[in-house]
Structures are given as structure tokens and as C-alpha cells.
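Engineer: One structure coming up, written as C-alpha cells, with questions to follow.
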Amino acid sequence: MSSRVKVVVTGAAGQIAYSLIPRLVDGNTFGDKIVDLCLVEIPQVVSKLEGLVMELEDSYFPNMGEVTYTDNFEEASNNADWFLLVGSIPRGIVYEGKKIEERSDLLKINGGIFVKQGEAIGKNGKNDAKILVVGNPANTNALIGKNSAGKESQLWMAMTMLDSSRAKSVISKKTGTNIKDVKNMIIWGNHSPTMYPDVENVLIDGELGKDVIDDMKWVEDHFLPTVQQRGKAVIDSRGASSATSAAKAALDTIIACENTTKEGNSFSAAVASDGAYGVPEGLICGYPLITLSDGSVEIKRDISMSEFAKKKFQISIDELESEREAVKHLLK
Ligand SMILES: NC(=O)c1ccc[n+]([C@@H]2O[C@H](COP(=O)([O-])OP(=O)(O)OC[C@H]3O[C@@H](n4cnc5c(N)ncnc54)[C@H](O)[C@@H]3O)[C@@H](O)[C@H]2O)c1
């Protein structure tokens, strides 16, 4: 294993990035590796990154390597190990006179960004680069990026870890279990209100959720809507989308990929379907994942789903298919 890692972060002057970037170099996320950072922003705000770099320098991070910033993604992508694609236009802001609330608007505005970034990652990123798309609509942005990159050895993911952590929190409160003992919370499908957080296969203090939570009314009326609508609830309250929790989730995804998954465990992210669990090939779909000792990340394939779960999952698969249809002009 290399003792240095190069990480590219887009949207580096944004809210999530402000919480995320310092913790990439704090010696926790990448262990004792030296972390080189390349921070990317759009030309209008790239100069703000000078201040962020000053703060990083002033923070005493012994594991921090070279830190650069640019508005040129192509240049930034050179030889990078990790790409955290946070930059995009979030829901809830006013863009060209219109409040952006619909996924269809987000798809249109953000889709184009990921064609160019994907091409650069395919051309310049490391062959085994890992790419985590955070910017929404994350699954379909990742689909566009992966397609444009055209390099199968690179791993494209869309972030569902935040949904998984939110669902763990709700389960922990319901059952009075410490959150550290709530494990394997799978998010099936899209990072959107159609996602299906798997209440049956979650491990609560070592026991399957389906054996602990015998309350389908609570699942349907409280658990699912709370988790599915949590992003909107935060926006409604803060007037801005989740930032510190999204940053933590991105870090948790990196940590899950950088370390071998313990026997019986899994973590959540969306990756390209190879037909696993009946999902049409190529869709970037939320799955349970495991990291093997050689560093590769695979879909965990031995999860059984009830008819209830399959029905809920199908709604999200259908949405992913319709999003793919909506951006097909951006796919090669
Ligand atoms: N997957 C998840 O769980 C999850 C959770 C929360 C937020 N999000 C999404 O993350 C994204 C970022 O959220 P935020 O709160 O940090 O937003 P923000 O508006 O504070 O920051 C976004 C930044 O991205 C920059 N940007 C836009 N286009 C860019 C490009 N082409 N290259 C580089 N930078 C670019 C903007 O200039 C801005 O500074 C949003 O799309 C939001 O919806 C995802």
C-alpha cells in the first residue's frame, strides 16, 4: 500500500466541504498515510480557497501533504486516488431566478458537470481510483460520470451512507440500543425519497431487525417516511442542506472502503449493478457492500428480502430507470 494518497474534492468552498476537508487530513480517515489534497471550485469562487488553505496550514495536521486548489478539474484529476465529487447545485437554492426543488431540475443542471469530470477521471485518475459522488442527484450523476470515464477498474459510488446513518439513529431511538450496536443498515435503491432502508436485515445488538421490530405500522408510518424525508426536514429547518452529517458520511464511506469489512458486516453505498438482486445492469443502485482484503469493494450477495422489501425496492429501481432515461443524451 502506498503511504501517500491524493484526494480531489470538488465543491471545496461549499458547506459540506468545510466540514469534510480538515477531517481528510486528521490521521483518522486515511490512517497514517500522507494526504495530498487538490481542491476544486468554479472560477467565480475559486479564490476563496486560498483562505481555506490558510486555515488548513494553521491547524497543525501532521499527515497533511501538498495542498493545492484550482478551477481546472482536468489538471486536478491527474494521478488521483480518491475523488470526492461534492460540487453541484443543491436543492433549495435559487438558481437563475427559480427555486430548485425538483429532482428533474437538479438532473438537468448537474448532469452536464459530470460528463466532463467523468472524462477527466477516466483519462487522468489512477486505474484503481475510487470516486464518491455526493452532489445530487448522486446516483444519476455517478451514472453519467462512470459512463463518461469508461474505465471499469475505477470504482464509482454514490453516497447513501448518510441515509444509512439516519436510519440507524431512528432504530437506535426506537429500540433503546446504543447506535454503535446498530449495524448493516442497507439502503436499497436511489439516494432520494424512494430509497428503501432495510429494517429487516439491520443488526440490532446482533439480532436481525425483523426479529426485534414487530411493528409494521411503525415501519410504514414512521420509520420509512422519517428516513426518506430527512434531507428535506433538515433543509426546511436550516434553510440549507445537511452539511456536517453529509461530511461525516463521506468520511465513513472512505473508511469503509479503506479497511477490510469484518465478517458478517456490510456498509452502504450505491454502485453499478451487474444484475445483482434483479436490478437492471448499469444503474447506480444502493446496495450492501463489503471491502475485501485486497482493497476491492464488492456487492454482498446473500441478503434475503421479504416481498414487502422487494416491493419497496422496486419503486426506487423504477425511479433510477426513469432518471437514466432522462439523461440518456448524456450517456455514450
Ligand atoms: N448524497 C448525500 O447524502 C447528500 C447529502 C447532503 C447534500 N448532498 C448534496 O451535496 C451537494 C453539495 O452540498 P453543499 O451543502 O456543500 O452545497 P454548497 O452550495 O454549499 O456547495 C457546493 C459547492 O459546489 C461548487 N460547485 C458547483 N459546481 C461545481 C463544479 N462543476 N466543480 C466544482 N465545484 C462546483 C459551488 O461553487 C459550491 O461552492 C449538493 O448537491 C447537495 O444536494 C448530498
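Engineer: State the extension gain, in nm to one decimal, for the chain segment bounded by L331 and K99, taking 0.36 nm per residue of separation less the distance between their alpha-carbons. Could you put the intermediate results ahead of the total?
Structural biologist: Working: separation 232, 0.36 × 232 = 83.52 nm, distance 2.71 nm.
Additional length available on full extension: 80.8 nm.
Engineer: Please list, in order, the residues from the stretch 135-154 whose amide nitrogen is less than 19 Å from a point placed 7 Å along the Cα→Cβ vector of D128.
Structural biologist: 151-154
Engineer: In debye, nearest 20, what is the charge dipole magnitude of the stretch 4-158 about its Cα centre with +1 on Lys and Arg Cβ and -1 on Asp and Glu Cβ, if you could check? Walk me through the intermediate numbers first.
Structural biologist: Details: 16 positive and 20 negative charges, 120 e Å.
My answer is approximately 580 debye.
Engineer: Follow-up. What Rg and what Dmax come out for the stretch 99-198 when only alpha-carbon atoms are used, in angstroms?
Structural biologist: 16.1, 49
Engineer: Separate question: Taking the stretch 4-158, how many lysine pairs are there with alpha carbons less than 24 Å apart, if each pair must be eight or more places apart or span two chains?
Structural biologist: 25
Engineer: Beta carbons within 10 angstrom, averaged per residue: use that to sort the peptides 262-270, 4-12, highest first.
Structural biologist: Numbers: 262-270: 19.8, 4-12: 23.4.
Ranking the peptides 262-270, 4-12 by packing returns 4-12, 262-270.
Engineer: Considering only S245, V227, V202, whose Cα is most displaced toward the positive end of the charge dipole of the stretch 197-269, charges sitting on Cβ of Lys, Arg (+1) and Asp, Glu (-1)?
Structural biologist: Of the listed residues, the answer is S245.
Engineer: Calculate the FRET efficiency for T226 and D205 from the Cβ-Cβ distance with a Förster distance of 25 Å, rounded to the nearest 0.05. Write out the running numbers ahead of the final one.
Structural biologist: Details: r = 21 Å, r/R0 = 0.84.
FRET efficiency, T226 to D205: 0.75.
Engineer: Separate question: Working from the alpha-carbon coordinates of the stretch 161-328, get Rg over Rh, Rh being the Kirkwood radius. Could you put the intermediate results ahead of the total?
Structural biologist: Values: Rg = 15.4 Å, Rh = 16.4 Å.
Value, to two decimals: 0.94.
Engineer: So for the chain, averaging the separation of alpha carbon pairs under 8 Å that are six or more residues apart and normalising by length, what relative contact order in percent results? Don't jump to the answer; show the numbers that get you there.
Structural biologist: Numbers: 659 pairs, mean separation 55.3, N = 332.
With pairs under 8 Å counted, the relative contact order is 17 percent.
Engineer: Where nothing but the Cβ of Lys and Arg (+1) and of Asp and Glu (-1) is charged, how large is the charge dipole of the chain around its Cα centre, in debye to the nearest 20? If you can, show how the numbers build up before the last one.
Structural biologist: Numbers: 37 positive and 46 negative charges, 85 e Å.
Approximately 400 debye in magnitude.
Engineer: Using +1 at the Cβ of each Lys and Arg and -1 at the Cβ of each Asp and Glu in the stretch 1-78, identify which of L49, G31, S59 lies farthest towards the dipole's positive end.
Structural biologist: G31
Engineer: What three numbers, in Å, describe the spread of the alpha carbons of the chain along their principal axes, ordered from the longest?
Structural biologist: For the chain, the Cα extents along the three principal axes come out at 54, 44, 39 Å.
Engineer: A further question on this structure: How far is it, in nm, from the label point at D214 to the one at T260 when both lie 7 Å from their Cα along the line to the Cβ?
Structural biologist: Spacing of the two 7 Å Cα→Cβ label points: 3.9 nm.
Engineer: Put +1 on the Cβ of each Lys and Arg and -1 on the Cβ of each Asp and Glu in the chain; which of N190, T261, W82 then has its Cα farthest toward the positive end of the dipole?
Structural biologist: N190
Engineer: Run the paramagnetic zone check for S59: 7 angstrom along Cα to Cβ, then residues of the stretch 229-257 with backbone nitrogen under 18 Å.
Structural biologist: What the label zone holds, given the 18 Å backbone N cut-off, is 243-255.
Engineer: Would you mind giving the average projected area, over all directions, of the Cα convex hull of the stretch 1-121 in nm² with one decimal? Don't skip to the answer; put the middle values down first.
Structural biologist: Numbers: hull surface 32.0 nm².
Average of the hull's projected areas for the stretch 1-121 equals 8.0 nm².
Engineer: To continue, here is another question. What distance in nm separates the simple spin-label points at D181 and S47, each placed 7 Å from Cα in the Cβ direction?
Structural biologist: 5.6
Since every read-out is calculated from the coordinates, none of them should be taken as a lab result. Quantities reported herein were computed from a predicted structural model and do not represent experimental measurements. Note that each Cβ is placed from the backbone with ideal geometry, even for glycine, and that neighbours are counted across all protein chains shown.
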